[in-house]
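Written out below as structure tokens is the structure these notes cover.
The values are calculated or read from the model by the stated rules, or taken from the named source; none is laboratory data. Fair warning: this is a prediction, and the values are worked out from it, not measured in the lab. Here Cβ is always computed from backbone atoms with ideal geometry, including for glycine, and neighbour counts include all displayed protein chains. Accessible surface areas use protein heavy atoms only, side chains included; no ligands, DNA or RNA. Shrake-Rupley method; radii C 1.70, N 1.55, O 1.52, S 1.80 Å.
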Amino acid sequence: MPSERPILIAGGGPVGLVTALALAQQGFEVRVFEAERRIDDSPRAATTHAATLEMLEGLGLVEEVTRRGLIEPRFRVWDRASHEIIAEFDFGILKSDTRFPYVVQCEQHKLAALALERLRALPNAAVTFAARVTGLAQDDLGVTAEVETSDGARRVLGAYLIGADGGRSTVRKALGIEFEGYTHPERFLVLSTPEALGAEFAECSRNYFSDPDEWAALFKVTGDDGRGLWRVVFPARPNESDEQAFAENMVQARLQRFFPKSGAYRVVHRNIYHVHQRVAASFRRGRVFLVGDAAHVNNPLGGLGLNFGIHDGVDLCGLLARVTRKDAAASILDEYDRFRRPLNVEYVQQQTIANKKRLEEKDPAIRAKNHAALRATAADPAAHRAYLLKASLLESVRNRNAGECAGATPR
Ligand SMILES: Cc1cc2nc3c(=O)[nH]c(=O)nc-3n(C[C@H](O)[C@H](O)[C@H](O)COP(=O)(O)OP(=O)(O)OC[C@H]3O[C@@H](n4cnc5c(N)ncnc54)[C@H](O)[C@@H]3O)c2cc1C
């Protein structure tokens with residue numbers, strides 16, 4: 001084993017479990033503590049980009065993720081009022097850049113369940129559910145996590161601790177690290193229905209609708225029965241309560257306004273989320289690292305948050321493996337915060353903020369300018385490719401591998 005003490009992971013969400021698998025496959029002893037009794041299956045991430053598919057291939061997961069999901073090479077940006085396609089983007093243009101010139105729409109709980117299955121087959125990994133990390137201490141030799149279970153509290157010793165415990169991260173708070181940024185005033189309402197919302201929209205699994213009054217996003221996922229589910233994301237009105245947003249008449253009115261049809265829609269999930277743009281002031285303190293939503297959160301327009309979180313875990317695993325095998329000095333761990341934080345700001349925060357602004361813009365002149373710019377980008381092969389290299393996070397991974405990053409703090 002590369003280290004005597006195990007690596008501890010707080011949080012068995014998709015990022016914690018995929019990070020655990022990456023580490024366990026490198027031979028590390030890994031212990032994951034998940035506060036809940038089971039994997040959270042609420043409808044959140046589904047879009048898995050090319051850069052992430054490449055990493056999942058390295059972990060032996062890509063075939064199964066693709067089998068459990070659906071392949072979609074395109075996405076469309078529509079003008080909601082006129083039902084006109086403003087621009088269509090096709091990841092197929094990246095066929096010389098990646099083996100995966102498309103996204104795979106696979107719900108995050110399926111990815112988490114798959115990683116868990118693989119971890120359970122490895123003797124050097126253990127995942128404990130209903131085990132909440134409540135505190136930590138560290139010194140030069142290791143880290144101690146306080147873990148609370150139904151049998152009481154205990155202390156667990158590790159070589160390192162990885163906080164993969166989501167946006168409200170206890171680990172981040174225990175380290176006293178600021179979560180810098182802001183919270184959007186409106187929450188996002190997600191409705192899922194097995195019924196397609198209009199034949200023209202059903203041609204593509206990823207659709208974004210620009211509208212000055214109520215933007216929307218529409219995605220297809222396979223669903224638990226594999227028959228397909230459509231998810232619509234709307235901004236909730238500021239101050240709209242859960243009860244108001246979930247009320248059957250409000251839900252039907254929203255969907256019918258979006259795409260009228262005779263009869264009611266069958267709605268199988270109603271969820272509402274607070275949406276933030278926040279980045280931890282530091283992704284590392286000593287032997288403790290933050291990955292995934294514990295380190296950064298963003299709006300879901302572009303499908304980037306989980307993707308970048310997986311990249312965090314794979315990046316960190318590579319650094320820890322080099323240090324533990326003595327291929328590199330421990331100072332190389334500084335690269336984790338030095339690169340990942342600015343890369344998140346440049347590729348995830350900036351793109352998701354711009355995507356939201358473009359969809360919700362109210363000023364007709366700015367809307368027209370934005371739409372013209374999108375059309376021009378889609379029409380020019382070089383600009384189209386450059387846009388998708390960013391949107392797929394391939395460019396961020398390339399820059400990281402080349403040791404280049406605009407905002408990286410100097411050594
Ligand atoms: C509507 C919506 C759509 C989205 N779509 C996309 C998309 O298409 N693509 C994309 O890349 N991203 C998307 N995202 C973002 C994505 O869902 C998150 O980035 C992702 O869930 C982050 O995974 P995580 O494992 O870091 O955190 P989480 O999924 O929040 O998991 C954290 C885990 O830690 C556990 N935990 C918390 N505290 C403790 C503790 N103290 N001790 C132990 N365990 C603890 C929790 O129970 C949880 O299981 C979307 C988000 C939303 C809301």
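When restricted to residues that are open to solvent by less than 30 Å² (accessible area, probe 1.4 Å) and within 19 Å of G228 (Cα to Cα), segment 242-273 contains 3.
Give the residue that is surrounded by the fewest Cβ atoms within 10 Å (Cβ to Cβ), with candidates limited to residues of segment 162-178 that are more than 9 Å from the ligand (Cβ to nearest atom) and of a type outside the set (G, A, S). If we take residues in segment 162-178 being more than 9 Å from the ligand (Cβ to nearest atom) and of a type outside the set (G, A, S), then E178 is surrounded by the fewest Cβ atoms within 10 Å (Cβ to Cβ).
From the list S210, S205, S192, the lone residue that is of a type in the set (S, T, N, Q), over 28 Å from I310 (Cβ atoms), open to solvent by less than 40 Å² (accessible area, probe 1.4 Å) and within 25 Å of the chain's Cα centre (by Cα) is S210. Looking across segment 288-301, the residues that are part of a loop (DSSP other than H, G, I, E, B) and open to solvent by less than 10 Å² (accessible area, probe 1.4 Å) come down to V291, A295, N299, L301. Taking segment 77-99 as the range and being assigned to a helix (DSSP H, G or I), under 23 Å from the mean Cα position of the chain (by Cα) and not small (G, A, S) as the test, the residues that pass are F91, L94. Does G198 satisfy being at pLDDT below 95, in a loop (DSSP other than H, G, I, E, B) and out of contact with any Asp or Glu (no Cβ under 9 Å at 6 or more places or on another chain)? Yes. When residues in segment 219-229 are screened for being under 19 Å from Y102 (Cβ atoms), out of contact with any Leu (no Cβ under 6 Å at 6 or more places or on another chain) and assigned to a strand (DSSP E or B), 2 of them pass. Of all residues in segment 30-56, those being of a type outside the set (D, E, K, R), more than 7 Å from the ligand (Cβ to nearest atom) and over 19 Å from the mean Cα position of the chain (by Cα) number 2. Within segment 100-117, can one find any residue that is in a helix (DSSP H, G or I), touching a residue at least 40 places away in the same chain (Cβ under 8 Å), out of contact with any Ser or Thr (no Cβ under 6 Å at 6 or more places or on another chain) and open to solvent by 30 Å² or more (accessible area, probe 1.4 Å)? Yes, that holds for at least one residue.
Only one of the numbered conditions (1) within 11 Å of the ligand (Cβ to nearest atom); (2) outside any loop (DSSP other than H, G, I, E, B); (3) among the hydroxyl-bearing types (S, T, Y) is violated by T66, and that is (1).
Sub-8 Å Cβ pairs linking a first residue in segment 133-149 that is within 14 Å of the ligand (Cβ to nearest atom) to a second residue that is aromatic (F, W, Y), at least 6 apart or interchain, are V133/F33; A145/F33; V147/F33, ordered by first then second residue.
When F209 is tested against (1) within 16 Å of the ligand (Cβ to nearest atom); (2) in a loop (DSSP other than H, G, I, E, B); (3) over 22 Å from I71 (Cβ atoms), only condition (2) is not met. Considering (1) modelled with pLDDT of 95 or more; (2) within 18 Å of L161 (Cβ to Cβ), the lone condition that T324 does not fulfil carries the number (1). The single condition among (1) over 14 Å from the mean Cα position of the chain (by Cα); (2) crowded, with 24+ Cβ neighbours inside 10 Å; (3) part of a helix (DSSP H, G or I); (4) not hydroxyl-bearing (S, T, Y) that L319 does not satisfy is (2).
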